[in-house]
Structures are given as structure tokens and as C-alpha cells.
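Only one structure is covered here, and it is reproduced in the block below.
Please treat every number below as a calculation from the coordinates, not as lab data. These figures come from a predicted structure and were not determined experimentally. Cβ placement follows ideal geometry from the backbone for every residue including glycine, while neighbour counts extend to all protein chains displayed.
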Amino acid sequence: MKFLDLFAGIGGFRLGMEAAGHECVGFCEIDKFARKSYKAIHNTKGEIELHDITAVSDDTVRGIGRVDVICGGFPCQAFSIAGKRQGFEDTRGTLFFEIARFASILRPRLLFLENVKGLLNHDGGDTFETILSALDELGYDAEWQVLNSKNFGVPQNRERVFIIGHLRGECTRGVFPFRGESQSISSQSVVKIGNVNPSGSGMNGEVYQADGLAPTLTTNKGEEQKIAIPVLTPDRTDKRQNGRRFKSDGEPMFTLTSQDKHGIMIREATAQGYAEAEIGDSVNLAHPNSKTRRGRVGKGQANTLLTGESQGVVTSDFRIRKLTPRECWRLQGFPDWAFDRAQEVNSNSRLYKQAGNSVTVNVIEAIARKLG
């Protein structure tokens with residue numbers, strides 16, 4: 001089937017749809033950095049390319065021609081007038097209205113939409129009722145289900161609602177209820193080990209267990225996920241490189257050098273932002289890769305508290321690091337070749353944001369295989 005990719009981002013919908021055998025005829029994405037990644041990953045030569053969806057005229061939409069499916073993970077824009085239950089009219093001024101507008105002109109057999117789980121109960125359910133009413137008015141019967149990425153082969157706890165609209169009178173088949181297959185992953189849980197913020201709280205400081213599920217990726221700058229991982233050679237305590245230098249409990253700290261890294265795992269933090277030390281080692285908790293003196297821990301006691309500097313405790317065979325952009329893309333089901341192409345045209349900060357904004361490719365593919 002031919003599909004149109006609205007609110008396309010970096011093309012998570014596209015990768016999943018194409019893996020299921022469907023063909024993309026065009027895409028729409030307002031963010032220029034996301035478009036750079038999209039066009040680096042996908043062969044868009046000769047396709048329709050749209051930018052600001054609100055500036056696309058009805059005549060331009062008509063010029064797209066026949067499509068079988070409109071896909072879109074529309075942004076969670078507030079429905080300030082939702083609840084009047086006037087269907088299509090109630091969605092004007094929202095970005096969902098743009099999907100409805102395209103559907104009213106192109107009349108695809110199917111709509112394939114995604115949004116956050118909270119859409120179902122936003123404004124006491126009136127928002128979702130308004131969306132269903134708008135689809136009904138346009139001639140689409142809707143089905144929906146909340147699915148978690150962890151059930152589809154990626155170690156990320158990410159719940160999203162997926163909506164399929166069926167054009168009345170067309171021969172389409174139902175998709176939901178739907179169940180993922182990866183029970184080995186779905187049985188795992190998200191395990192938070194600690195927090196590296198001085199306050200001991202806050203999303204941007206949370207540290208997670210490396211062998212469990214990752215929490216939902218976010219797009220907020222500075223909130224890249226951090227994991228505690230074992231060093232590769234904990235038995236070689238005198239090794240002086242790659243984060244593998246450790247001392248036994250009670251020994252003096254190493255002096256931080258410009259070439260050595262030090263590993264940590266948070267055990268406990270107090271309201272004052274520090275904890276008693278168990279092992280003599282040092283690290284900058286706010287910036288784990290930094291070589292400065294901030295964040296040090298000492299023998300049996302915390303170092304002198306200084307403004308803007310955090311303290312913590314370490315264990316002998318763990319260190320903390322942020323997830324890399326590549327790992328975040330993997331958590332969304334993107335193959336490494338796709339990330340490599342995007343990395344050539346975008347910075348790490350953009351790549352983190354793009355991963356958080358994307359849909360999980362595995363989930364899209366699984367649903368796309370049931371469309372018909």
C-alpha cells in the first residue's frame with residue numbers, strides 16, 4: 001500500500017511501514033534538523049516533501065494523489081476547546097486537525113496514528129472523545145490500543161496509544177487487540193539505582209541498571225539517560241586507563257589525572273546531596289566523564305561540601321555513563337546504518353532529541369504487517 005508520512009520526524013513510521021512492504025509517496029516535517037536526518041536515512045528522491053503542515057494548502061494536498069494510508073505521530077498539542085463534542089469543528093486549531101484535513105481530501109482507506117498514553121484520559125476523556133467524533137464525522141471507524149515497546153523486541157518501557165481509522169465502506173480488516181511476542185524482554189523491569197544530582201532527585205540525574213529495561217526516552221536537553229555498568233576488568237585494580245582504576249575500601253583516593261577515568265555507582269544520597277563513602281575513589285557526579293576534583297568521595301567520610309559540587313559513593317566494579325545517541329536510537333528500533341547516516345548530518349544533542357521524539361520502529365512494523 002502507498003502511504004503518506006505526516007509529522008515524519010526521522011522516519012520511524014517509514015522504516016516500519018517499508019519493512020512490512022508498504023511504499024512511501026511523501027513526507028511532512030517542520031523541524032529542519034529532523035528533515036536532515038530523514039533525508040540522509042531514506043531515499044526521498046522524487047517524493048513529495050512538505051515542511052510546515054499548517055501552511056500546506058488544500059490544493060497542494062489534492063496534488064498528492066491517491067494514498068492508501070496516512071501515518072502520523074501527531075504532537076501532543078493542547079486541545080483547549082475539546083469537550084464541546086462538535087467533532088471535526090472541535091479539532092480546529094490543533095495539529096490533529098491537519099491529519100483530519102488531509103484525510104478529508106485524500107480519503108485514504110486507513111489512518112495509522114500514534115500518541116502518548118495520556119491522550120486517552122486528557123481532560124477527563126473529552127479530548128479523545130473529540131478525536132473519535134471527528135473521525136466518525138469524516139467517515140472513519142476507529143480502533144485503538146496501548147502498546148509497550150518492551151513487548152516488541154527493544155529494552156525500553158514506552159507505552160503509546162495507537163489508533164487505526166478504517167474508511168467506512170472500504171474492505172479493511174481489524175488490527176487490535178494486538179500482543180507483542182518478546183516475553184523475555186517484557187518480563188524485565190526498569191530498575192533505578194540512584195541519582196547523581198546534588199539534591200538526590202530530578203529526572204536528569206537518575207541512574208538505571210544496565211541490564212534492565214530503559215525508561216521512556218525523553219527529548220529534554222540534559223536528561224539523557226545514565227546507566228551503571230560494570231568495568232571490563234575489575235580484577236585488575238592497578239590498571240590505569242578506561243575507567244578501570246579502583247581501590248579497596250579504606251585505601252586513599254587516587255589523584256585524578258587527565259587521562260584516567262573513574263567509575264561509580266550511586267548507593268544512597270541524603271537531602272544534602274552527599275553520602276558516606278565506602279571506597280576511596282573520585283568522580284564528578286554531575287559530569288561523570290569530567291576529570292575535575294568535583295564530586296570526590298573519601299575514606300569513610302564525605303569531602304568538604306562546596307557550592308555546585310556533588311558527592312557520592314562508589315563500588316569497586318561499576319561506573320556511570322550516559323547512554324550514547326546510538327544506544328538511544330537502538331532503543332527505538334533503528335538499525336545502526338540509519339544512525340550512522342544521521343550522525344553525519346546532525347550533532348549529538350539533535351540525535352538525542354530525535355530519538356526521544358520518534359516512534360519505536362519495531363512496534364510500527366508489527367502493526368503495519370496487519371494492515372490490509
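For this structure, a couple of remarks:
- Relative to the current alpha-carbon distance between residue 62 and residue 349, full extension at 0.36 nm per residue lengthens the span by 99.6 nm.
- Taking a point 7 Å out from the Cα of residue 176 in the direction of its Cβ, the residues of the stretch 149-167 whose backbone N falls within less than 11 Å of it are 160-165.
- The slack between residue 341 and residue 45, meaning 0.36 nm per residue of separation minus the straight C-alpha distance, is 104.9 nm.
- Virtual spin-label span in nm between residue 159 and residue 324, 7 Å along Cα→Cβ: 3.2 nm
- Placing pseudo-labels 7 Å out from each Cα toward the beta carbon at residue 1 and residue 146 gives an inter-label distance of 2.6 nm.
- Applying 0.36 nm per residue to the separation of residue 30 and residue 120 and subtracting their alpha-carbon distance, the gain on full extension is 29.8 nm.
- For residue 50, the amide hydrogen comes within under 5 Å of the amide hydrogens of 27, 28, 29, counting only partners 5 or more places away or on other chains and with H modelled in the peptide plane.
- Amide H contacts of residue 370 (H built 1.01 Å from N, in plane; Pro and chain starts excluded): no residue 5 or more places away or on another chain comes under 5 Å.
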